[in-house]
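Note sheet for the following structure.
The values are calculated or read from the model by the stated rules, or taken from the named source; none is laboratory data. On a predicted model such as this, the values are computed, not experimentally measured, just so you know. Ideal geometry is used to build each Cβ from the backbone, glycine not excepted, and the neighbour counts take in all protein chains shown. With ligands, DNA and RNA removed, areas are computed over all heavy atoms of the protein, side chains included. Shrake-Rupley method; radii C 1.70, N 1.55, O 1.52, S 1.80 Å.
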Amino acid sequence: MKKRQVVVKREYAASSAVGNIRYGECQKNHAANTGGYAVDGCREFMASAGEGTTASLTCAACGCHRNFHKKEVLHGVN
């Protein structure tokens with residue numbers, strides 16, 4: 001029996017509040033290497049550059065990648 005590989009393509013918004021996705025506060029632990037816990041206090045993701053560039057995935061406020069920000073799916077918003 002041959003095994004088949006299934007690829008699922010997902011598209012996410014590149015900016016902080018486009019569509020039904022919003023990126024909230026930064027959750028990056030800046031003290032992880034010392035065994036502690038400290039976040040920088042960034043409250044909302046703001047893209048560093050326009051949509052479609054690699055800099056759009058970096059937060060202008062804290063400098064962290066968008067993946068460190070809490071992803072919130074907004075329901076009932078068009």
Notebook entry, point to check: Is there any pair linking a residue in the range 48-73 that is within 18 Å of K28 (Cα to Cα) and among the charged types (D, E, K, R) to one that is in a loop (DSSP other than H, G, I, E, B) and open to solvent by less than 70 Å² (accessible area, probe 1.4 Å), with Cβ under 6 Å and at least six apart or on different chains, and which?
Noted result: R66/F45
Check: If you go through the range 22-61, how many residues are closer than 26 Å to H75 by Cα, not in a loop (DSSP other than H, G, I, E, B) and not aromatic (F, W, Y)?
Finding: 9
Next item on the list: For the range 58-78, enumerate the residues that are surrounded by 15 or more Cβ atoms within 10 Å (Cβ to Cβ) and touching a helix residue (DSSP H, G or I) at 6+ places or on another chain (Cβ under 9 Å).
Entry: T58, C59, C62, R66
